Amino acid sequence: MSTWHTLFRTKSVEQSVRDTDEPGHKLRRNLSAWDLTVFGVAVVIGAGIFTLTARVAATTAGPAVSLSFVIAAVACGLAAMCYAEFASTVPVAGSAYTFSYATLGELVAWIIGWDLVLEFALGSAVVAKGWSLYLGNLFTEFGGSLTATVQVGGVKVDWGAMLIVAVVTVLLISGTKISARANAVITAIKVGVVLLVIVVGFTFFKASNLTPFIPATVPAEQGSTPALQQPLLQLITGSAPSSFGAFGVLAAASLVFFAFIGFDVVATAAEETKEPRRDLPRGIFGSLIIVTVLYVLVTVALTGMVKYSDLPGDDATLASAFTLVGVNWAAKVIAVGAIAGLTTVVLVLMLGQSRVIFAMSRDGLLPRGMASVSERTGTPTRITLGVGVVVALVAGFVDIGVLEEMVNVGTLFAFVLVSIGVVLLRRRQPDLPRAYRVPWMPVIPILSVLACLWLMINLTAETWVRFVVWMAIGVVVYVLYGRHHSLVGRRAAEGAAGDPADDATSGPDRR
C-alpha cells in the first residue's frame, strides 16, 4: 500500500463499534438522555452569559445582540443535526475524531483529534483561570478578600485555577455517574441564578431602550487595530473595521459563538450512554434549545433594562447593568452563578478531552497503554489524571488569555469536518441504521459548512496563524508516530482484512 494511500485509510463503523467491547478498553455505560442534556447545558452556560452578553451589546451590536445569539444558535443547530446523525450511527467515544475516521480518513481524523485536544485543553485552562478570578470576586462581593494568584520565586502561580482543576480531576476519576450527579447539582444552581436574572431584569424592562434595534454603523479609528488583530475577512477585503450596523450584528455572532461552545462535547460521551442511538440526539438538541432560549431571554432583559449606550463599554457586565437600575444585590447573585457556571464548564471540557485522547490511544495513534480503563470506576484513569496535570500546569503558570479565540476556530473547524463527513457516510453506507437522520440532505450540511466558515473568517488573522502552526505540529507528530502505530494500519498489514484499502472489520488486537 502506498504511503499516500495509508493517509486516507478509514476505520469502518462496524469496527469502531466492535472496539467498544475490547477488554481493558471498555467504558462503562451509565448515562441517560437527561445526563447528556445536563452535560450540554453545564458546559455551554458559563460565566460568558454574565459578561459576554453585556460587553457585546455595548461595543458591537446594541440591542440586536439577541439577534446575534440567534444567528450563532442557527449555525450551531445546523452542525448539531450533523452531530446527532453521526452520534446515533457511530455511538463511540471521540466525537468528531471518530466520525472523521469513518469518512474522511486517518490523516484528517488525526488532525481533527489534534484540534480537539487543543480546543478542550485550552478551553479548560482558560475557564479555570476565569474561575480563579471569579473566586476572588465572590469573596469581595461578600465583604472578604482573596487573591488566587501568588508570587513564588519570581513566577506567578494561579493556585485558584489549579485547585478547581484538581477537584474536577478527582470527580472524573471517581466515575462518570458521580461526575454527572455533581454536575447536575451545580448546573441547577447556575440555571436558577440565570432565571432570577431574567425575572428581575424584565421588571425594569422599557421597550424604548430597544430603539434603535440595530444602531447605525460606527467606523473604527483608522490604524487603531494592528493588522493581525483584525478579522481575517476585513484583512482580505481591505474593508474598514466597524461596530454596530448589519456587519456589527454578524461580527457579534462570531463573538457570542464562544458562548455556545460545548454542546458537541455531548457526543464524546457516546460510549458511556445506556441507549446512545436514542439518547444522544436528545441530549444534543435538548441542551442546545435550552441554552438558546436562556441566552435570548437574558439579552432581551439586559438591553430592555438599560440603554446599550449607557453600559460601560468593554467593562460592561450584567452586574453593571443591574447597578445602573439600582439593584446592587444582583452582583452577589451573579458572582455565585459565575462560580457555579465555570465549575461545570471545566468538568465537562476535561471529560471531553479525556475521551478524545482515549479514542485516539485505543486506535494506536497515541500510545495504546494510555487507553486502559479502571475496572472499579469504568473510566480511563491514566488519561484523566494526565489531562488534569497538564491543564493544571497550563492554567497555573501560563498567561493564555490571548489564545481564547483559538477555542472558537478549533470548534468551528470540527463542525465543518463533521458536516462534510455526514454527507460522505450517507452516500457510502446508506443502509446503516440511523436513529436520527439529517433532513434535506445535503442542503443542511452544506449550510452548516458555509455558516461555520463565515464565522471562522470573522475571527482575527492572528488566531488563524496560531491555528495553522498548531495543525502543522500535529501533522509532524502523526508522520513520526501515529502513522506507524495505527491499529487500523497494523490490522491491514497483518491481513486481518480482505482489502487493505478498507479498514479491518475483524481480527484481534495484536500488539
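The values are calculated or read from the model by the stated rules, or taken from the named source; none is laboratory data. Just so you know, these numbers come straight off a predicted model, no measurement behind them. Cβ placement follows ideal geometry from the backbone for every residue including glycine, while neighbour counts extend to all protein chains displayed.
Summary table
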{"quantity": "Top-ranked residue in the stretch 199-223 [being of a type in the set (A, V, I, L, M, F, W, C) and surrounded by 17 or more Cβ atoms within 10 Å (Cβ to Cβ); ranked as farthest from the chain's Cα centre (by Cα)]", "calculated": "Phe204"}
{"quantity": "Filter pass, Val296 being outside any loop (DSSP other than H, G, I, E, B) and among the aliphatic types (A, V, I, L, M)", "calculated": "yes"}
{"quantity": "Cβ pairs under 9 Å, 6+ apart, first in the stretch 376-390 and in a helix (DSSP H, G or I), second basic (Lys, Arg)", "calculated": "Ile383/Arg355"}
{"quantity": "Residue within the stretch 466-475 that is β-branched (Val, Ile, Thr), within 30 Å of Val249 (Cα to Cα), surrounded by 16 or more Cβ atoms within 10 Å (Cβ to Cβ) and modelled with pLDDT of 85 or more present", "calculated": "no"}
{"quantity": "In the stretch 440-461, residue nearest to Ser419 (Cα to Cα) [restricted to those that are of a type outside the set (A, V, I, L, M, F, W, C) and surrounded by 19 or more Cβ atoms within 10 Å (Cβ to Cβ)]", "calculated": "Pro445"}
{"quantity": "Filter result for the condition that a residue is part of a helix (DSSP H, G or I) and touching a Phe, Trp or Tyr at 6+ places or on another chain (Cβ under 9 Å), over Ala166, Ala161", "calculated": "Ala161"}
{"quantity": "Residue tally, condition assigned to a loop (DSSP other than H, G, I, E, B) and surrounded by 19 or more Cβ atoms within 10 Å (Cβ to Cβ), over the stretch 26-41", "calculated": "1"}
{"quantity": "Verdict on Ile164 being closer than 27 Å to Leu31 by Cα, under 29 Å from the mean Cα position of the chain (by Cα), surrounded by 22 or more Cβ atoms within 10 Å (Cβ to Cβ) and at pLDDT 90 or above", "calculated": "yes"}
{"quantity": "Conditions (1) β-branched (Val, Ile, Thr); (2) surrounded by fewer than 24 Cβ atoms within 10 Å (Cβ to Cβ); (3) in contact (Cβ under 8 Å) with a residue 60 or more places away in the chain; number of the one not met by Val356", "calculated": "(2)"}
{"quantity": "Test for Val185: is it hydrophobic (A, V, I, L, M, F, W, C) and either in contact with a Pro (Cβ under 6 Å, 6 or more places away or on another chain) or not in a helix (DSSP H, G or I) (or both)", "calculated": "no"}
{"quantity": "Residue match in the stretch 451-464 (condition: under 15 Å from Ala87 (Cα atoms) and either of a type in the set (Val, Ile, Thr) or not in a loop (DSSP other than H, G, I, E, B) (or both))", "calculated": "no"}
{"quantity": "Condition met for Arg437 (surrounded by fewer than 19 Cβ atoms within 10 Å (Cβ to Cβ), of a type in the set (Lys, Arg), at pLDDT 90 or above and in a loop (DSSP other than H, G, I, E, B))", "calculated": "yes"}
{"quantity": "Test: residue in the stretch 103-116 that is of a type in the set (Asp, Glu) and either within 21 Å of the chain's Cα centre (by Cα) or surrounded by fewer than 24 Cβ atoms within 10 Å (Cβ to Cβ) (or both)", "calculated": "yes"}
{"quantity": "Matching residues in the stretch 273-293 - criterion: being in a helix (DSSP H, G or I), surrounded by fewer than 24 Cβ atoms within 10 Å (Cβ to Cβ) and among the acidic types (Asp, Glu)", "calculated": "none"}
{"quantity": "Residue that is among the aliphatic types (A, V, I, L, M), part of a loop (DSSP other than H, G, I, E, B) and on the phi < 0 side of the Ramachandran plot, where the choices are Leu146, Leu171", "calculated": "Leu146"}
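This table checks each residue for (1) assigned to a helix (DSSP H, G or I); (2) more than 14 Å from Asn137 (Cβ to Cβ).
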site: Lys332; (1), (2): yes, no
site: Val346; (1), (2): yes, yes
site: Met370; (1), (2): yes, yes
site: Val373; (1), (2): no, yes
